[in-house]
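One structure is given below, encoded as structure tokens.
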Amino acid sequence: MLRVCNLKTFFRIGAGLFGRKRITVKAVDDVSFEIGEGEVLGLVGESGSGKSTVGRTLTRLEKPTSGKAYFDGQDILKLSARQFRPVRRHVQMIFQDPYASLNPRLSVEATLAEPLRIHGLAGNRSEAREKIGRILERVGLEPEAMKKFPHEFSGGQRQRIGIARVMVLAPRLVIADEAVSALDSSIQAQILNLIGRLQRENNVSMLFISHDLGVVRYVCDRVAVMHRGRIVELGGKSRIFSRPEHEYTKALLGAVPRIPRFDYTGREK
């Protein structure tokens, strides 16, 4: 489904007085991985490791410095904006902040109708409303929600709207960038279950970006660990969590909070 080869995304930023001295930040530095049909690959690392930049580069929100990304055998990083437009329907992104990713001036109906109109997936308003009503029900919202605006919903409900906006296009690859990190723990579980169910029902491939190892272990089939712009370890989640090989992976796993368990005598197990 997706094969990323030697991807690099560098940024030139100003430094010093009046920004005259410029430095290069290697946000993504020679990253390669593959995602199979219907597979969920977790991309995990601490803040600043470059994992979100990978997702933004693959969706063309950031310009790559070099490298290739083959989607169905086509290098999508080499396409012009016009050539990439039909591909964008099949490569969608769920953003971290559900409120910032929604236009506060548009109702839910208008928000979900816009991608249908752009990609020609609804012949008229009646057909669009029917599709919107169905997808809202699938993400756990009432059809009446289409008349409301983003500020009328909770954070979890807004993320459901963001997921509906993605899934209404029936994409083949979804990039979820910290999709639950801005939500309360109880709501996180609901959204994770929703994402997992929709992914399985539609056999969607997914790049799941997160700093939370517990979430990655719950959702993903394989795990890629990023550190300072590079993937330092990649493998099946069972192997990564039980037998990590790289020191950075071991450090990440060692930093996960652990609730002690005690036996009947009061000794820690």
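Of the residues in region 258-268, not one is touching a His at 6+ places or on another chain (Cβ under 7 Å), aliphatic (A, V, I, L, M) and either modelled with pLDDT under 95 or assigned by TED's automatic domain parsing to the domain that holds Ser52 (or both).
Checking each residue in region 129-157 for being open to solvent by less than 50 Å² (accessible area, probe 1.4 Å) and farther than 18 Å from Arg197 by Cα picks out Ile132, Gly133, Pro143, Ala145, Met146, Pro150, Phe153, Gly155. Condition (residue is in a strand (DSSP E or B) and either touching a strand residue (DSSP E or B) at 6+ places or on another chain (Cβ under 8 Å) or not acidic (Asp, Glu) (or both)) applied to region 210-218: is it met by at least one residue? Yes: one or more hits.
Can you confirm whether Gln159 is assigned to a helix (DSSP H, G or I), assigned by TED's automatic domain parsing to the domain that holds Leu234 and under 16 Å from the mean Cα position of the chain (by Cα)? So Gln159 does not fit the description; no. Any residue at all in region 175-185 that is at pLDDT below 90 and in a helix (DSSP H, G or I)? Yes, some residue in region 175-185 is at pLDDT below 90 and in a helix (DSSP H, G or I). Scanning region 186-209 for residues that are open to solvent by less than 60 Å² (accessible area, probe 1.4 Å) and in a loop (DSSP other than H, G, I, E, B) yields a count of 1. Within region 58-71, residues that are surrounded by 15 or more Cβ atoms within 10 Å (Cβ to Cβ) sit with their Cβ atoms under 8 Å from residues that are part of a strand (DSSP E or B) and among the hydroxyl-bearing types (Ser, Thr, Tyr), at 6+ positions apart or across chains, in these pairs: Glu62/Thr9; Pro64/Thr9; Thr65/Thr9.
Taking into account only those residues within region 225-245 that are more than 14 Å from Gly50 (Cα to Cα) and either among the basic types (Lys, Arg) or outside the structural domain of Val215 (by TED's automatic domain parsing) (or both), which is most open to solvent (accessible area, probe 1.4 Å)? Restricting to residues being more than 14 Å from Gly50 (Cα to Cα) and either among the basic types (Lys, Arg) or outside the structural domain of Val215 (by TED's automatic domain parsing) (or both), the top hit is Arg243.
The values are calculated or read from the model by the stated rules, or taken from the named source; none is laboratory data. It should be emphasised that the depicted structure is a prediction, and the values quoted were computed from it without experimental measurement. Glycine also receives a Cβ, built like all others from the backbone with ideal geometry; neighbour counts cover every protein chain displayed. Surface accessibility is based on the protein's heavy atoms, side chains included, excluding ligands, DNA and RNA. Shrake-Rupley method; radii C 1.70, N 1.55, O 1.52, S 1.80 Å.
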